[in-house]
Structures are given as structure tokens and as C-alpha cells.
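Visitor: Below you will find the structure I want to go over with you.
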Number of protein chains: 4
Amino acid sequence: MADTLAQARHDLAIANRIVSHEGIIDAFGHVSMRHPTKPDRYLISYSRSPEVVEASDIYEYTLGSELVTPLPKGIRGYGELVIHGEIYKARPDVNAVAHHHGMAILPFCNTGAELKALYHMGAQIGSKVPFWDSRDEFGDTCLLVLKPEEGRSLAKALGPHWLVLMRRHGATVAGRTLQELVFRTIYSYRNAELQLLTQAQGMALSPLTAGEAKLAMERNLEPRPQARAWEYWSVRLKKAGEFPKASRAGKRAKAKR
Amino acid sequence: MADTLAQARHDLAIANRIVSHEGIIDAFGHVSMRHPTKPDRYLISYSRSPEVVEASDIYEYTLGSELVTPLPKGIRGYGELVIHGEIYKARPDVNAVAHHHGMAILPFCNTGAELKALYHMGAQIGSKVPFWDSRDEFGDTCLLVLKPEEGRSLAKALGPHWLVLMRRHGATVAGRTLQELVFRTIYSYRNAELQLLTQAQGMALSPLTAGEAKLAMERNLEPRPQARAWEYWSVRLKKAGEFPKASRAGKRAKAKR
Amino acid sequence: MADTLAQARHDLAIANRIVSHEGIIDAFGHVSMRHPTKPDRYLISYSRSPEVVEASDIYEYTLGSELVTPLPKGIRGYGELVIHGEIYKARPDVNAVAHHHGMAILPFCNTGAELKALYHMGAQIGSKVPFWDSRDEFGDTCLLVLKPEEGRSLAKALGPHWLVLMRRHGATVAGRTLQELVFRTIYSYRNAELQLLTQAQGMALSPLTAGEAKLAMERNLEPRPQARAWEYWSVRLKKAGEFPKASRAGKRAKAKR
Amino acid sequence: MADTLAQARHDLAIANRIVSHEGIIDAFGHVSMRHPTKPDRYLISYSRSPEVVEASDIYEYTLGSELVTPLPKGIRGYGELVIHGEIYKARPDVNAVAHHHGMAILPFCNTGAELKALYHMGAQIGSKVPFWDSRDEFGDTCLLVLKPEEGRSLAKALGPHWLVLMRRHGATVAGRTLQELVFRTIYSYRNAELQLLTQAQGMALSPLTAGEAKLAMERNLEPRPQARAWEYWSVRLKKAGEFPKASRAGKRAKAKR
């Protein structure tokens, strides 16, 4: 079980770096996963940019977003932990969460224009992308999701969906597994890029039908395309010298498998 | 003949990596070529991202898209093999095929707007770019071309042309040689980028005349520009450390020439 | 105190390289800071591109933009020093200044369209972004800010704000600290990118309210996000092999702390 | 004098690589300079992509675009040599010429929309950018400038200016020195990028006045900014491992200076 946890932290470090390396997360944003053996806990880095996260930076939180053991001196947790904790509470089927301010998603977050699935990979956005505006319930804030009630409100807006846009702020993405989360974060982002490119032409959009969207999302989440994409992103990290170091515990776990 | 095959697999690995490195193919998409000595066979990687394909990943298929010898345990073929097999069947003059979802081509694939040759290199799109919509014949699908009848329908839509757009999905490109295919894939993509940039200005397009398009396409496919472009893309792969390893058989073939 | 100065020059070299590496400054543009112990002096490189500035390239100027000691033979100072000197004179609260011609800010500099904070990070532009047109007071010039009276006019236009757009030329950014300056330069630029992307859709913008903008700017300037962003940009410089060499004096200073 | 020539070939290789590395020239396009001591000759690589040109690839041509000594077996000259030869003939003040199909210039080449200087660096386009359409005089061609009369027609269109757009094809740029040429090629391209970005907003352009454009162009061509930009681009080549090898003759020339 220690090894399962070590592997989870290593995988989470990889996931943090993939979404950074593929151009979606910059200095800010964060990626978490539910604890692999304790469903009432989640794992997330201390307050560092996802691009530089190591397995050893990752700590354990309760679903109330309280640290299980205190952080070492001199480091602090992310400010917006409640995004993660409140979604894990509300959605037992969700095992990984990412929050980002990627440039191509922001025009939709600002204007409220609806995201639509425009190609098979874009089906990852799900059948509906809800919209959350902190101003509706909380008035003028710094726009960050800092208080438990803000996190709960966002989780409620997400509802049974997989992606929620946050007005004048960014996006939060959910997945049943860490791989699915990374896949959805990247391809919902590519679909946003495509929608921007298409709309800039003044062209009329041709979204997928509900039936196509459902079939395409299911197909994309099958093991073969999931494994292929994960290999691709991992190799790209390795070639760039950005693959996270395996912790000793992680190496042991790997050797045993 | 063993050496010819080894060389073909090495060249095909290079082609896979060039279209990835030049920004057109990401995790998905695939590139194949007809077998160099058996015209009723084609060569294609097992299901891996083109950016990481090695010569040793490439297997032999019949034109019915059946494996000639089984794949090693643990790996699987691409899901959309019939795109390749059905085009090779329908078009004896085609010896290489690429399928991709490059971002700049997708707005055309989504809206159905017509691609037009806007500069001499863009003449590679051919005199006409047909459009195929899986919905017309097959209704709601996951949009992938998985069944033989879907592949045949796509090949029929391609007809005598060199590029076919697939609604809400991507593009399929054909070439008489592997080098021509890579050249066409890249420059039809650049022409799409140009058309997007131009249309975003609300400017009126000035396409090539039919005469210009024909002369420019022929000129671009002469040995000198073809060799020059192939050298350029290969050197760029090498500088990035992405050139595929030469197989031992490939090295022997090279030494003999 | 010598060590404080050495550390300041090292930090200023890092700042120069960060804004270059993040894509905002090219061959031209410059970054300065007020002298750490003599508030009537400022530090800036000799006339080199910020991407290549080393600590040892940085010299001391009076607020009248006169060199404190002559430059070595063969090198010259920047032409637009008065931008820096006149802002330090007019604004005792400003301790760092950047001037750039980043591509995403230039459409606003050309047309006079108003920059608006469109997401929480964009709050860094401040409550108002004044506009300065050299033509108003000085008629036809080469557009550079070369004369003291031009620098004074620009500093007056900046007023109590943090960013001033210069018509047909570029932007000048101010910060209370060097880190704040880098942060504001980068995130005001990202906000400009976002505004361009959004406007290109013909979508209506939803700017932050004045209250949101104030709260978001303050939050972003707290030590935790500032440290996190600085670590991120520094690590990126290091990974690219672009982190400036520590001078011997700088190393001593570091060892002592 | 042998050393002057060696140095010229080395500088020309650097210039070829700079315009490639800065994203303007891809597999095609070419850069030449007038022979440093024989004004009736010019220097240009054999038919290779500028990104990979070495000093030793550069050969000597008459202004009639005839080789002074035959090329080694197996290599050929560029097809469009007459662009260079005819401009050197017509313009004794021009000592360097570049021809390219950079993406940001192509929308102007296609539509005929007028390029305008929108910021001080953009003044490099000159007071007027003439437009040349091969169709006017030569009807349907492959669009390349292959015949002496086509080159003469283009040179005539360029007239006393510094940049000429070629319809459905690309741009040709001229400079009094090789450094000026590189500077103009890059900053006229940046200005085109800016014009595209600005127009995509539907914003009204604010071009430089004729007076501003003249003063800004002159200022930019002074030795200080020229040296600073050349250092910047050269260092970037070096950091990327793309700086051309110095030939032995070139090294001797350098040692002597």
C-alpha cells in the first residue's frame, strides 16, 4: 500500500507536468487526485507551479481540505484547495481534478459563450459545460475560490458534468481516473482552440450531435487511445528532460510489478 | 528485397516523425505506405503516436487491412486501418497515405468551408478538395472510420483527388510517393493556415487560377524541391534528437547503395 | 552593501531574461531597477538585448540619466534611458521599470483601444491604463523617447498608474519591486493576449468590476503567489540554460545569507 | 581579399540561418549578398534550405545569374536566381536580397491589402511597398520567378523601394548591407504580424506619418541598434546550436582583425 501511494504520487507529478508541458497550465493552476486507497483523502502538491512538481512535493488532505500532517516549515498549500475537496465530496465518481487558466479557454470564461464539441476529440467536454460566476452568490471577490462555501457552490455548478467554466477566472476539469483527467483537460482545450479559430472566420459552427458526442467520448476513453496518448505525452516530457524523478519508493513499486 | 523493405520502414518512421515535428499530427493520426515490392500490402506502425514510431514498430497489412503476421503480445493495431487499405485498393497510383487532425485544417472540416490554393505551395491541395460527412451514410457514429464500408465510402469521396476533408473529424492525404505525401500534408496544412489568417481579416481571397495551380503543383513535385524539403525536415528532426534509429538492416541497405 | 548591490545586479539580470524568455521582449526593450541603497540612482544594462544581459553588464545612473562612472570603451548606453530616470524621479514608490514592444500589446498601442482586465491575473494592469502619444506634444519624431522632456511627458502620462501605452511604439510598466514589475509585465501581457483573442470572436467583453480588480491585484501581489511565479520563471530559465551566471560578489552574498 | 570573401560567405551563412531561426523562412526562400570586392558578382548558396546553409555551400554568380565556376556534381542552384541578379543589376545601392514566403506576409501577398508601418520598427517597410503580380505580364505560370524577363519585371516593380510583395507567392526584401537586410526582413515581418493582429479586431489602423516613418527608419539603421540586434540574433543561433561553422579561411580572417 505504501508502494501504491508512492506510485500515485509519481503519476500525479507526471500529470502536473504533462498539462504544463502541453501549454495549458503556466505558473498557476493545480492538479490533484483522490488517495488511491483512502477515498476520503486527496493528494496535491504544496503551492508550486505544476511544471516543477515532484512526487515528494505531494501531500495528503482530508476532503475538508485540511492537511493530514503539517507541511514542512517554509512551504504553504495552494490557496484554492476547496475546489478539489468540495468536488471530491460531491462526486464520488470523480478521482482527479485540474484547475487552470489556459489562454484558449479564457475567452469563453470571460464572455460566457458556449463551448461546443466541434470534432471527435472535443467530445471530451461532455454533453454540457456549465458556467459559474462567483459574482452571483459572493459579489466582488478576488475571483479565487478560497472559502468552503465558494468551493461548494462551484461543485454544485459542476453537477454531474466534467468541465465547469468560471467567469473571469478559468476552468475546472474532472475525471474518473488521472489519465482520463489529463486527456479531458488537453482535448477540451484543443476543442476551445478550434472553436476560437473557427469563430474568428465568422463561419457557422457544426457541432457534434448528442449521439455522436456520446459515442466519441466513450471511444476516446477506451484503454487503447488512453494508453497511446499517455505514452505520447510522457515521451514528450522525457525528451524535454521534464519527466519527474522517480522516488525510491516509486522505483521499488515499479520493480515489483 | 529484405533491404528494400528495411529502407522503406526506416523512411516511413522518418515520415511519421516529420509530420509530427512540423506540428500537424499530435498523439493521434497515422501515416502509411504501400509495400515497396508487394503492391497488395501496406506498411503502418502498430497503434502508437507518429512522433515516437520506430522502423521496428511497422507491420505489414493486406489491402483488406488484415495483419500478415500477428502482432506481438501487448500491442494492437490502429483502429482506423481501413482508411489506408481502402484507399490503396481504390487508387493504384497512391503509394502513401496520412490521416490527421491538425488544428489549422479542422475549421474547414467543421464548417465545410472550401479550401482554396492561395499561394504556389498551396497548389498541393489539388484542383478540388472533396468533403466527406460520415453522418450522410452512417448516421451517428463515434466519427472514426472503423468499418470497411466506412473506409470504402471515404475512398470513394476522395475519388481521383489528393486530399479529402472529413466532417467534424480531420483530413486524409494521399501521395504517389512517401516524400510527395509528406510534402502535400505539410503544404496543404500551411495553405489552410494562410486561408484562416486571411479570412480572419475579412479580406477577399485571390486563389490561384486552375492553370497556375496545375503548373505550381507540378513544379513543386520535381526532384529538386522535393529533395530540398526532405533534407530540411530531416535535418530538423536530427537537430531535435528525433531522427529514428536506423535498424541494422537499414544500415546495411544504406552501405550498399 | 557591496553585496546588496551585487545581488541587485544579479536579480536584475534574471528579470531581464525572464521577460525575454516568456516572449515579451525581443532584441529591443529594457528593464531597470532603482539602486537598492541609493534611491537617487538606478541600475540598467548597457545597450544589449535583455535576453543576453549579465550582472556585469549593469551600470549605475543618476535620476537625470547620467552615468555615475563612464562606460568601458566600445559599449554605449540605451538611447531611451530617460524613460527610466524620469519615472523614478516622478514616482518615489516605483522601484523597477520595464519598456517593451511585445506583439500582443502593440495593437492597443496602435489603435488606442482600451485595455480591460478580463481575468483575475489581468487585474495587474491597474484601475486605468493611460495612453501617451508622442505626436501630441512633440510632432513627428522617430517615436523613441530620447529627450528628458519626452521622458517627463511620458512619466506625467503614467501619473499614479502602473502601465502606460505609447502610441505606435510600445508599453512602459512600473512596479514597487522588481518581482512585482516582472509579474505585472507578464500578466498585463497575457491579459492583452486574452483581449485580442476575445475581440477576434466579436464577443462582448465582461471586464472585472473595480472591486474585483482591486481585490485580485492585491491578492496576486501577496508573497505566496509572487514567490511561486518567480520560482516558475527562474526554473524555466535554468532548464533552458539561460539563467545568468552569478558574479563572484553575488555568490558571496548568497553564501552569507 | 580571399579573407574578405571568406568572411562574407560566413556572414551570409549566419544571415540565412537568422531569418530561418526567427521563423520567417522555412524549407524554401533564399538570401544573397553582392560580392564584397567585385560588384558585378553576387554570392548565394546552392539549392538548400537557408536553415542548413554553411559558408562552404555558397557560390559566386554573375549579375546575369550565371555560375562563375560550375557547381560540384550532384548539387544544383536555386531556381529563382534571377530575382537576385536582376535586382543587383537594377539597384547599385542594394547589396543584399532575401526572398521568402513567411506566413504573416502571405495574406497581404494574396489579397493585395496594403502593408502600413504601425510602430517604429515597422518603418523598415519603407515609404511604399509595391505590389507585383506575375499574371499581369506573364499570364498563368507556376508563380516562381524563373526567367530573366520575370526577374527584370520584378526588379522594375521594386523600383527605388526596399520591399516588394509578389501576388500569390511571397516577398522580396532589399538592403544596403547584409545586416540591414536581415533587420528589414525581420521587422517588416513583425509589422505584418502586427497588422494582421490589429485588423482581426476590426480596429482602425493608425499608421506612422511619413515624417515619423522616415525618422524611425533612419534611427533603426544606426550602428547601435544594428549591432544590438545582430548580437541578439547571433546569440540565439548559438544557444540553439545553429550558428554556422567558421571555415578555416574565415577563422584566419578573424584572427587577423
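Quick note: the coordinates plus some simple rules give every number you see, no bench work behind them. The model shown is predicted, which means the values in this text are computed figures rather than measured ones. So basically every Cβ, Gly included, is an ideal-geometry build from the backbone, and we count neighbours across all protein chains shown.
Visitor: What's the FRET efficiency of B:VAL235 with B:LYS147 using the Cβ-Cβ distance as r and R₀ = 45 Å, to the nearest 0.05?
Guide: 0.65
Visitor: Continuing with this model, one more query. Take every Cα pair under 8 Å in region C:12-132 that's 6+ residues apart, average their separations, divide by the length, and report that relative contact order as a whole percent.
Guide: So the answer I get is 24 percent.
Visitor: Once the label point is set 7 Å along the Cα-to-beta-carbon vector, what list of distances in nm do you get between D:PRO160 and its counterparts in the other copies?
Guide: The answer, with the shortest distance listed first, is 5.4, 5.4, 7.6 nm.
Visitor: Okay, moving on. Lysine pairs, Cα distance under 19 Å, 8 or more residues apart or cross-chain: how many in chain A?
Guide: Lysine pair count for chain A: 12.
Visitor: Any chance you could check the Cα centroid distance between region A:7-46 and region D:64-109 for me, in angstrom?
Guide: 53
Visitor: Based solely on its DSSP helices, what 222 nm [θ] is calculated for chain B when runs of n ≥ 4 H residues each add -39,500 (n - 2.57) and the sum is averaged over all residues, nearest 500 deg cm²/dmol?
Guide: -13500 deg cm²/dmol
Visitor: Please report the antiparallel percentage of DSSP beta bridges with both residues in chain A, rounded to the nearest 5.
Guide: Antiparallel: roughly 90 percent of the beta bridges in chain A.
Visitor: When you have a sec, figure out the Kirkwood radius of region B:109-241 from all distinct Cα pair distances and drop it here in Å to one decimal?
Guide: One decimal place: 16.1 Å for the Kirkwood radius.
Visitor: Amide H to amide H, which residues 5 or more places from D:ARG41 or on other chains are under 5 Å from it, using H placed in the peptide plane?
Guide: D:HIS35
Visitor: With unit charges on the beta carbons (Lys and Arg positive, Asp and Glu negative) and the dipole taken about the Cα centre of the protein assembly as shown, which residue among A:MET166, A:VAL97, C:ILE58 sits farthest to the positive side?
Guide: C:ILE58
Visitor: Please list, in order, the residues from region B:160-193 whose amide nitrogen is less than 11 Å from a point placed 7 Å along the Cα→Cβ vector of B:LEU205.
Guide: Residues passing the 11 Å test: B:191-193.
Visitor: While we're looking at this one, here's another question. Taking every pair of alpha-carbon atoms in region A:1-145, give the share separated by more than 28 Å as a whole percent.
Guide: Looking at region A:1-145, the distances longer than 28 Å represent 22 percent of pairs.
Visitor: Does region A:48-87 come out rounded, prolate or oblate by the C-alpha gyration tensor, with a ≥ b ≥ c the root eigenvalues, rounded set by a/c under 1.5 and, if not, prolate when a/b is larger than b/c and oblate if not?
Guide: Taking the square roots of the gyration eigenvalues as a ≥ b ≥ c, region A:48-87 is oblate.
Visitor: Let me ask another. What is the magnitude of the charge dipole of chain D about its Cα centre, with +1 placed on the Cβ of each Lys and Arg, -1 on the Cβ of each Asp and Glu, and no other charges, expressed in debye to the nearest 20?
Guide: Dipole about the Cα centre, nearest 20: 1000 debye.
Visitor: Could you put D:MET166, C:MET121 in order, starting from the residue whose Cβ has the fewest other Cβ atoms within 10 Å?
Guide: D:MET166, C:MET121
Visitor: Explain nothing, just compute: Karplus ³J(HN,Hα) = 6.51 cos²θ - 1.76 cosθ + 1.60, θ = phi - 60°, for every residue of region A:115-124 in order, whole Hz, x for Gly and Pro.
Guide: My calculation for region A:115-124 gives 6, 10, 6, 10, 8, 3, 5, x, 4, 4 Hz in order.
Visitor: Give the calculated FRET efficiency between B:ASP93 and A:ALA227 to the nearest 0.05, with a Förster radius of 30 Å applied to their Cβ-Cβ distance.
Guide: The formula returns an efficiency of 0.25 here.
Visitor: Which distance in Å, rounded to a whole number, links the C-alpha centroids of region A:159-183 and region D:211-243?
Guide: Centre-to-centre distance over Cα atoms comes out at 45 Å.
Visitor: Separate question: Take the rotation relating chain D to chain C, measure from its axis to every Cβ in chain D, and name the nearest residue with the distance in whole Å.
Guide: Residue of D nearest the axis onto C, distance in Å: D:ALA200, 3.
Visitor: How well do other chains shield peptide B:223-230, expressed as the mean number of their Cβ atoms within 10 Å of each residue Cβ?
Guide: 4
Visitor: Taking the Cα centre of region C:1-140 as the origin, how large is its charge dipole in debye, to the nearest 20, when only Lys and Arg (+1) and Asp and Glu (-1) carry charge on their Cβ atoms?
Guide: In total the dipole reaches around 220 debye.
Visitor: Where the label is 7 Å out from Cα toward Cβ, how close does A:GLU218 come to the same position in every other copy, in nm, shortest first?
Guide: 5.2, 5.2, 7.4
Visitor: Relative contact order, percent, of chain A when contacts are C-alpha pairs under 8 Å separated by at least 6 residues?
Guide: With pairs under 8 Å counted, the relative contact order is 25 percent.
Visitor: Restricting the count to DSSP beta bridges whose residues both fall in the protein assembly as shown, what percent are antiparallel, rounded to a multiple of 5?
Guide: Here the share of antiparallel DSSP bridges comes out near 90 percent.
Visitor: For chain B, take every pair of Cα atoms, bin their distances at 10 Å starting from 0, and report each bin as a whole percent.
Guide: Percent of Cα pairs in each bin: 7, 31, 37, 20, 4, 0.
Visitor: Send over the semi-axes of region A:89-144's equivalent ellipsoid, whole angstrom and largest first, taken as the square roots of 5 times the C-alpha gyration tensor eigenvalues.
Guide: For region A:89-144, the ellipsoid semi-axes come out as 22, 18, 11 Å.
Visitor: Distances from C:LEU146 to the same position in the other copies: list them in nm, one decimal, shortest first, using label points 7 Å from Cα along Cα→Cβ.
Guide: With the label placed 7 Å along Cα→Cβ, C:LEU146 yields 4.9, 4.9, 6.9 nm.
Visitor: Which one of D:LEU144, D:ALA8, D:LEU67 is farthest out on the positive end of the charge dipole of chain D, using unit charges on Cβ (Lys, Arg +1; Asp, Glu -1) and the Cα centre as origin?
Guide: My answer, from the dipole projection, is D:ALA8.
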